[in-house]
Amino acid sequence: MSTESLALALLIAPLVGSFLALVFFRRKHVIASGIVVASGLVSVIASAMLLFGAGHDVGAITARWFSIGDTPIEFGILLDGRTMIMGAVVALITLCIEVYSLSYMKHDEGRGRFFAFLALFAWSMLSFVYSSSLLQAFIFWELVGLASFFLIGFWYEKPSAVAAAKKAFIMTRIGDVGLFIGLILLFMTTGTLDIPAINTLFAGDGLPEGIAPGRIELIAALLFIGVIGKSAQFPLHTWLPDAMEGPTPVSALLHSATMVAAGVFLVTRFHGLFMNAQQTMEWMLWIAVGTAILSSTMAMVAKDMKRVLAFSSISQLGFMLMGLAAGSLFAGYFHLITHAFFKALLFLCAGAFIHHVGSNDLIAMGRAGAAKQMKLTTVALVIGGSALAGIPFLAGFFSKEQIIGSLPIGAKIGALFAAFLTAYYTFRMIFLIVRPNADSMAVEDEPAHAQHEDGHEHHGPAEPLAMLAPIILLAVGAAGAGYIGNWIGHKLHIEHIEHPSITEMAPAIVIAILGVVFAWLEFGRKGARQTGFVSKIPSMQTLFERRWYLDEIYNVVFVRPVVWFASLCIGAENKGFDNGADAVAHGTYKGGRMVARSHSGRLQFYIGSAIVVVAALALTLGFRNGGGAG
Amino acid sequence: MGDFPILTATLLCPALALLVTLLIPGRNGMAIKAANALCALLSVIFAAMIWVAYDRTVGGYQMLEVVPWVPTFGIDYRVAVDGVSVVLTMLTALVFFTGVLTMWTLETRVKEYFAFMAALVFGVFGVFFSLDIFAFFFFYEVAVLPMYPLIAVWGSTRKTYSAMKLTLYLMLGSALLFPGLIALFVYSGGQTWNLVEIAQSGAFSRETQIFLYPFLYVGFGILAGMFPFHGWSPTGHVAAPTAVSMLHAGVLMKLGAFGIFRIGMTVLPEGAEFWAPTFAVLATIGIVYGAFVAMRQTDFKYVIGFSSVSHMGIVLLGLNVWAMSRSDTAGLDGAVFQMFAHGIMTALFFSAVGFIYDQTHDRDIRHFGGLTSQVPVASSMFIVAALCGMGVPGFASFWAELLVFIAAIETFPVLGIAAIAGLIFTAAYVLRVLGKAMYGPRNPDWENLKDVTLWSVLPRAILVGVLLLFGFYPNLILDMIRSAGGGS
Amino acid sequence: MTLGVWLVFALAIFCLGLYCVLGRRNLIVILIGIELMLNAVSVNFMAVNYYLAPDPSVGQIVVLFIIGLAAAEAAIALSIILSVYRQRKSISIANLEELKG
């Protein structure tokens, strides 16, 4: 098959699958899910053939779409290292999650719709990745947001799910506005939205001629606002923990290779441009470091397994952006890929536990003895968790080393601290599940979510094959993805990858192991109290649990003023415009009545007035003419 | 098709519908509906023929037909189309057709209803075709006047008040227009009402243009729902019966914007340029203001009504941007595209709400919940319209907004950014409605709602199809619009 | 007998008619007043015609028109007055105030 047809098949298959499932088969669940999984398989095969078959940069396959003014806007598929690797990862992880969902969503009444939206999501994300112009990327960026809206709000009868979906959409929309303005400015500045063209323009050191540095800073900052929204960085990260209201496979999809990854991918896509905006990169670096630490503190105290993972996503995205901001395209991109594997794995494990135990609560899972009943899943969980924590020789270790190695010293300290917290909270989670302690203090705590998230009772094997197979596949990925770094670098045309020496790596290794040990002391060892050190300072514990009160602050600072202003507008509308219009109408009416009074109804008065007027007219006209005629 | 008078034929479709409706006895409702549907379908076919026959490479006004009407005053029946009117003709025909189908279940005074509706559409077609200013105004009034009986007789919720308010507002507009149009005639020498000749006469000094333009802009703008003269539109939408809301928001409001473009901006370019910043500010306020007011409404139709104010603000912003810098047609392209997209989208909105209202006689958002599971197809129609309203890519209005915003940022950066930020609030009010009514816990009262039948899904499916078609392939419409931009 | 005398005569008749129309309540009397005014105008025409006009026929044609109109007007007015009387049993103008604003 030719490259073009492969690329087209890869992108069209999920769209067709989604359309068929949504319009024709949303009640025929088996057909719908079958179609969607088949379309996912097509994407995986096609993207793999592209990745391994094409071998080098094919460039963009484009067609004219329409034009803005006189500038043609092209629609195309861009095939280079960055898109092909990412595309293959997205397709693979999506397929894993689709297969997993076959079992996970088996009892849900709306699963035809669920699979349709999954495919829609896959289509949007794949198309986003392979986009050859920023406009096209923006379109699919928006569609990714839309699909995630439907998926987060999948259990739409739960008000909390609807609210979470709404929040996710609006928060990311705030970022999108920034991206949109940035896009327009970029278009005005460079006259093109073509990604390869823009990358060529900003490939060298220094700015292209005729472009002011301030302009590029502005554009980069605006684009970065979009990234903040999508990749859930401070201060627009608050939608992400709430997005856990969706079914677990959705969380796995959203948090690994899609949705949140879109923001980071955009930065890698325009890394050349960003590198020309030093000020913005400085900001990006510190926002990323801050976000990584902030979200780690929240993860330390969360009781809901999915929330722990959600916070860890935010912090890992922070790591990726750190690497990119520090100038290392490779580090950020590498971590994006490895993270996709281990985070998808962790969520799928979480889903398996939740499915089995019927609760999201870590302590409840531990007490139910889930770890003993689900040995393979538990092993996978430990692999994924270790990869996340940066334990040596698993996937996360290599990419995280690359990032930390690329950072300037100040940020490095922050990143190391975040890495310590990551190891700590990851193993806190693992130990709580694997080594439950019935006598612990934690018994007094109420479970975070007592009921199962979709309210169904499940019977059957604890580890059905459809769920286990993706988990094992991803576990292999999470363990091994770290070893393809050189190959990725080659694909990205990075000639020389600096591998940090053992002395440079040492602090991060030590920190990670320290975190694990710390978690062991507090949660893992026999007779551990299973309460974190944070709980010794209750105010801090509350602060972390309430997520630094950011939701409350936003509510006061943004939501309420908007609502207030809307009320003001309504007041203006009803009291001002409506009453004003009514007042004008009434005034006219009253005025009419006043004038009408002069119409007494007495005929002789009318006739008399008429005669007087006619006479007066005659006299005036007569005099005027008479002056001449004599 | 050579010398077949296609425009006159299109214009006669609603006239034929009117005639046939008047001839069929009122008790024979089904025959009236069928006749109207046929005539409407015919007009869709004709509109498609015009679309195909219009030569994009040449541009300008085509398919000219001239018949003297009142030779003493230089008034002719002079019809022709350019790219903009081709697009709007298509819109009108589509909304007419789907509107007739939507009212298939109407039982009260069927005859009178369809007669008025046909008269309205007749006027609308006339406006889009006329190149004679007098005829333009004539058809304009023909289109506007049937609104009063249509709302006052078949409406709901304070219908007489709304009908009167609407009529008074529109009359205010006409009162501004009429002297403005007569002044055009007089200043240009009093020989002809021909738009093209008047525009090319060069008879208007800069001062005259600056003086006259606001008459035309505000006069037409009232019908386009321009802030701060939008008050009639939400109330009117709410009170009107479904198909009238569809026609009203879908087509009638476009007449106003079209008038601004066709007469105001064509004849008085310097006046338009002088006033563009002022009116662009008003348009932007309209965009944001409409979104904010819509955020707190509880009636479905009020939400849509204010969203129309917001969306028409985008049209007006685009037009003003174009008036400011004509070398860049993106503003005009976007404005016309938005007229089309908003027309189809809002027709779909009202049609979906009308379907729910017909069964429940309730439009309070708070009284609904989980409609997606109760009436999945009908709700998905509403959701599609809502997504289009948010400017989600893949639907027609995304492109329209994109073009307007691009043009706006280049010409009026601050306004452009404010308008784009308005998207956040648009998302907020749209999602609020979706979250409250379409999603959320079911309301047990409406468990027995019937979903759309195959027959009644047809008009809505057509509208969805059109939105998607132009959402994925915007060039289809952009080429058409653009061929006009150079011509005028 | 000069033109002036005739004009003064016509003026007097016209004023009498005007007084009837404006001052009296009875509809019949008002109608008579209108007839008087019309006749005064006729006299004016005849007089001016006789003394000044080169072609005598012009004024006479106008007067014939006036007579014809007066007859028609009287017929219509009387029928209106009759129907007013049937409705209200009165022909006083004081009772006819329905057009009051």
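From the list A:318, A:390, A:366, the one residue that fits, being of a type in the set (Gly, Ala, Ser), in contact with a Pro (Cβ under 6 Å, 6 or more places away or on another chain) and more than 18 Å from residue A:251 (Cβ to Cβ), is A:366.
Among the residues making up the range B:435-488, those that are outside any helix (DSSP H, G or I), in contact (Cβ under 8 Å) with a residue 12 or more places away in the chain and not polar (S, T, N, Q) are B:439, B:440, B:441, B:442, B:447, B:449, B:450, B:451, B:452, B:474. When the criteria are applied in full, residue B:476 meets the requirement of being at pLDDT below 85 and within 21 Å of the chain's Cα centre (by Cα). Being in contact with a helix residue (DSSP H, G or I) (Cβ under 6 Å, 6 or more places away or on another chain), away from chain C (no Cβ under 14 Å) and either surrounded by fewer than 15 Cβ atoms within 10 Å (Cβ to Cβ) or farther than 30 Å from residue A:426 by Cα (or both) holds for only one residue in A:581, A:616, A:566, and it is A:566. Kindly evaluate residue B:290 against the criterion of being more than 22 Å from residue B:466 (Cβ to Cβ), within 14 Å of chain A (Cβ to nearest Cβ), crowded, with 24+ Cβ neighbours inside 10 Å and at pLDDT 90 or above. No. Residues that are part of a helix (DSSP H, G or I), more than 7 Å from chain A (Cβ to nearest Cβ), touching a residue at least 12 places away in the same chain (Cβ under 8 Å) and surrounded by 20 or more Cβ atoms within 10 Å (Cβ to Cβ) within the range B:399-418 comprise B:399, B:400, B:401, B:402, B:404, B:407, B:408, B:411, B:415, listed in sequence order. Whether any residue in the range B:433-442 is in contact with a Lys or Arg (Cβ under 7 Å, 6 or more places away or on another chain), surrounded by 18 or more Cβ atoms within 10 Å (Cβ to Cβ), closer than 28 Å to residue B:296 by Cβ and at the interface with another protein chain (Cβ under 7 Å from one of its Cβ atoms) is what I want to check. Looking for residues that are in contact with a Lys or Arg (Cβ under 7 Å, 6 or more places away or on another chain), surrounded by 18 or more Cβ atoms within 10 Å (Cβ to Cβ), closer than 28 Å to residue B:296 by Cβ and at the interface with another protein chain (Cβ under 7 Å from one of its Cβ atoms), one finds at least one in the range B:433-442, hence yes. When residues in the range B:362-385 are screened for being within 22 Å of residue B:295 (Cβ to Cβ), away from chain A (no Cβ under 11 Å) and touching a residue at least 40 places away in the same chain (Cβ under 8 Å), 9 of them pass. Restricting the search to helices (runs of 4 or more DSSP H) fully inside the range A:270-343 and requiring at least 3 residues that are over 17 Å from the mean Cα position of the chain (by Cα) and of a type in the set (Ser, Thr, Tyr) gives A:278-301. Kindly establish whether residue B:308 is more than 10 Å from every other protein chain (Cβ to nearest Cβ), buried (at least 24 other Cβ atoms within 10 Å of the Cβ) and among the hydroxyl-bearing types (Ser, Thr, Tyr). It is true that residue B:308 is more than 10 Å from every other protein chain (Cβ to nearest Cβ), buried (at least 24 other Cβ atoms within 10 Å of the Cβ) and among the hydroxyl-bearing types (Ser, Thr, Tyr). Counting only helices (runs of 4 or more DSSP H) that sit completely within the range A:511-630, those holding 1 or more residues that are under 27 Å from residue A:385 (Cα atoms) and free of Cβ contacts under 8 Å to residues at least 40 places away in the same chain correspond to A:538-545.
Scan the range A:350-373 and give yes if some residue there is under 27 Å from the mean Cα position of the chain (by Cα), part of a helix (DSSP H, G or I) and of a type in the set (Lys, Arg), otherwise no. The answer is no; no qualifying residue exists. When you check residue B:356 against the structure, is it under 12 Å from residue B:95 (Cα atoms) and part of a helix (DSSP H, G or I), yes or no? No: the conditions fail for residue B:356. Identify, please: which residue in the range A:107-156 is touching a Phe, Trp or Tyr at 6+ places or on another chain (Cβ under 9 Å) and charged (D, E, K, R) and is, among those, surrounded by the fewest Cβ atoms within 10 Å (Cβ to Cβ)? Filtering the range A:107-156 for residues that are touching a Phe, Trp or Tyr at 6+ places or on another chain (Cβ under 9 Å) and charged (D, E, K, R), the one surrounded by the fewest Cβ atoms within 10 Å (Cβ to Cβ) comes out as A:108.
Scan the range B:149-162 and give yes if some residue there is aromatic (Phe, Trp, Tyr), surrounded by fewer than 23 Cβ atoms within 10 Å (Cβ to Cβ) and assigned to a helix (DSSP H, G or I), otherwise no. Within the range B:149-162 (the criterion being aromatic (Phe, Trp, Tyr), surrounded by fewer than 23 Cβ atoms within 10 Å (Cβ to Cβ) and assigned to a helix (DSSP H, G or I)), the answer is yes, since at least one residue qualifies. Pick from the range C:59-101 the residues that are part of a helix (DSSP H, G or I) and within 13 Å of another protein chain (Cβ to nearest Cβ): which of them is modelled with the lowest pLDDT? Taking the candidates together, the pick is C:95. In the range A:137-156, the residue that is nearest to the other protein chains (Cβ to nearest Cβ) out of those that are under 24 Å from residue A:107 (Cβ atoms) and over 14 Å from the mean Cα position of the chain (by Cα) is A:156.
Taking the range A:202-216 as the range and being in contact with a helix residue (DSSP H, G or I) (Cβ under 6 Å, 6 or more places away or on another chain) and not in a loop (DSSP other than H, G, I, E, B) as the test, only A:215 passes. Counting only residues that are in a helix (DSSP H, G or I) and more than 8 Å from chain A (Cβ to nearest Cβ), which one in the range B:386-398 is farthest from residue A:187 (Cα to Cα)? Within the range B:386-398, the match that is farthest from residue A:187 (Cα to Cα) is B:386.
For the structure I just gave you, tell me whether residue B:421 is among the aliphatic types (A, V, I, L, M) and away from every other protein chain (no Cβ under 12 Å). So residue B:421 fails the test. For the range B:253-304, the tally of residues that are aromatic (Phe, Trp, Tyr) and under 21 Å from the mean Cα position of the chain (by Cα) stands at 6.
A Cβ distance below 9 Å, combined with a sequence gap of six or more or placement on separate chains, defines the contacts here; from the range C:71-90, residues that are farther than 22 Å from residue C:36 by Cβ reach residues that are surrounded by 11 or more Cβ atoms within 10 Å (Cβ to Cβ) and not aliphatic (A, V, I, L, M) in the pairs C:88/C:95.
The condition of being in contact with a Leu (Cβ under 9 Å, 6 or more places away or on another chain) and of a type outside the set (Phe, Trp, Tyr) holds for residue B:401. Scanning the range C:51-61 for residues that are closer than 21 Å to residue C:5 by Cα and either buried (at least 18 other Cβ atoms within 10 Å of the Cβ) or without any contact (Cβ under 8 Å) to a residue 24 or more places away in the chain (or both) gives C:53, C:54, C:56, C:59, C:60.
The values are calculated or read from the model by the stated rules, or taken from the named source; none is laboratory data. Keep in mind that what you see is a predicted model, and the values were worked out from it rather than measured. When we count neighbours, we look across all protein chains shown, and the Cβ atoms used for this are built from the backbone with ideal geometry, even at glycine.
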